[in-house]
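This report concerns only the one structure given below.
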Amino acid sequence: MTTVTLGISSADDSKARMLRAFQGKEQGAFISFATAELLWKMITPKRWEVLRAMTGSGPIAIREVARRVERDVKSVHADIQALLRAGVLDHTEHGRIVFPYDEIHVDFVLRVA
């Protein structure tokens, strides 16, 4: 089972994780955001539904995602484009969209400002 961790990481934390990976130490799959605000701006409730519908599905057409989340294709297309630009989703060579993970783990700590 392939798990991706959505979280908040500073640039230094991300660089340290990358260096450990270059040293051959398994790091797992991460999609990191600089702040909690950026994470929630990108992963809106509607986009969360899209990710849930795509998790474990393999390559999928936008129309099928729209059907699964019971929304119109145009609005789902806009959400998918935003997730593609952010690097959360990928295109396949055949024009389908893929979220190549079987589960999502969300991990961050909020502290007093």
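Bear in mind that the values in this text are calculations on the coordinates, not laboratory data. Here the structure is a predicted model, which is why all the values come from computation and not from measurement. So basically every Cβ, Gly included, is an ideal-geometry build from the backbone, and we count neighbours across all protein chains shown.
Exposure proxy for Leu110, Leu51: other Cβ atoms within 10 Å of each Cβ, ordered fewest to most, give Leu110, Leu51. Once each of the GluC sites (Glu not before Pro) sitting in a DSSP loop with at most 10 other beta-carbon atoms within 10 Å is removed, the chain keeps 27-69 as its longest stretch.
Ranking of Phe33, Phe99, Phe108 by neighbouring Cβ atoms within 10 Å, starting from the fewest: Phe108, Phe33, Phe99. Here the range 3-107 carries DSSP beta bridges of which approximately 25% are antiparallel, counting only pairs with both residues inside.
Here is the list for the range 10-83: trypsin sites (Lys or Arg not before Pro) lying in DSSP coil, each with at most 10 other C-beta atoms within 10 angstrom of its C-beta, are Lys25. Put in order of Cβ neighbour count within 10 Å, fewest first, the listed residues Trp40, Trp48 become Trp40, Trp48.
In the range 46-65, whose amide N lies under 20 Å from the spot 7 Å out along Cα-to-Cβ of Gln81? List them in ranges. Hits in the range 46-65 for Gln81 at 20 Å: 46-51, 60-65.
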